[in-house]
1. Collect the residues in segment 59-89 that are at pLDDT below 90, of a type in the set (A, V, I, L, M, F, W, C) and over 18 Å from Val142 (Cβ atoms), keeping them in residue-number order.
2. Hey, among the residues in segment 104-127 that are more than 16 Å from Ala86 (Cα to Cα) and either in contact with a Pro (Cβ under 7 Å, 6 or more places away or on another chain) or of a type in the set (Ser, Thr, Tyr) (or both), which one's modelled with the lowest pLDDT?
3. I'm trying to understand the selection: among the residues of segment 160-191, which are over 19 Å from Tyr121 (Cβ atoms) and within 32 Å of the chain's Cα centre (by Cα)?
4. Test Phe150 against the stated conditions and say whether it is free of Cβ contacts under 8 Å to residues at least 40 places away in the same chain, farther than 14 Å from Leu183 by Cα and surrounded by 17 or more Cβ atoms within 10 Å (Cβ to Cβ).
5. Take segment 96-137 and flag every residue that is without any contact (Cβ under 8 Å) to a residue 12 or more places away in the chain and of a type in the set (Val, Ile, Thr).
Amino acid sequence: MGETPFGPFFDGRLPRKGGGDRRTPRARSRSWQRSFRCRTSIPPPVDIAPMSRFDEFVALHESLTARPDVEPRRLWACGLGVAFIAAAMVFTWTIILRGLFGVPVPVGGSDLGPEHAAAAYAVCAIVATFQATALLHLMIMVAARPLRAFCAMAGLAVLVVSLLPLTFRGPLGIAAATGGLNLVGGSVIVTLLATVTAISLRRREPPPSPPSAWPPRLPRGW
């Protein structure tokens, strides 16, 4: 029975035609010189962890895609400070517009005195700032890009609040002044919150990379 290419004593040369085995004696070739070699006959490498060489890449990917962390105390302290800034700005501009220019802002509050109108407007600014801080905290917890989502949603809210006074019944000048004051105050609140939060956000540091097992150690003779 003729030898097959995968036989144990096959030396890489096929028998000649015409019958008979007229092959010249030849030394057996080495294992790495054979053209045909069964994969099951290859011994497994020693101490190889094939997936361990990707551990460093996986750790880097997880650190880059993880949601940024922020301390809630720092975030709400920032919101409290921005609330006082917005309240002081709204209070001051209301007194200036009513006292110097005679514009009774906000629209619909003409019956109130300057101090009472300014105080009510300042309270509204504080409440709006706390709502914006709560929205920012929620976006940090659930959104992949919290600052981008917060700026988009808060900007839309500022635009709505700026156009809302134009729908009230009253002089157009008072409504426009109220809308402009809402636009400036809302923009200041959103800008300060986004800026301070961007500075406070911190990315998770990637864990130390494990010792690499690559390239593998092969048996002797390979």
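1. Once the filter is applied, which keeps residues that are at pLDDT below 90, of a type in the set (A, V, I, L, M, F, W, C) and over 18 Å from Val142 (Cβ atoms), segment 59-89 yields Ala59, Leu60, Leu64.
2. Ser110
3. Within segment 160-191, Thr191 is the sole residue that qualifies.
4. No; evaluated as a whole, the condition is false for this residue.
5. Ile96, Val127
The values are calculated or read from the model by the stated rules, or taken from the named source; none is laboratory data. Just so we're clear, the structure is a prediction, and the values are computed from it rather than from any experiment. For neighbour counting, all protein chains shown are included, and Cβ atoms are generated from backbone atoms with ideal geometry for every residue, glycine included.
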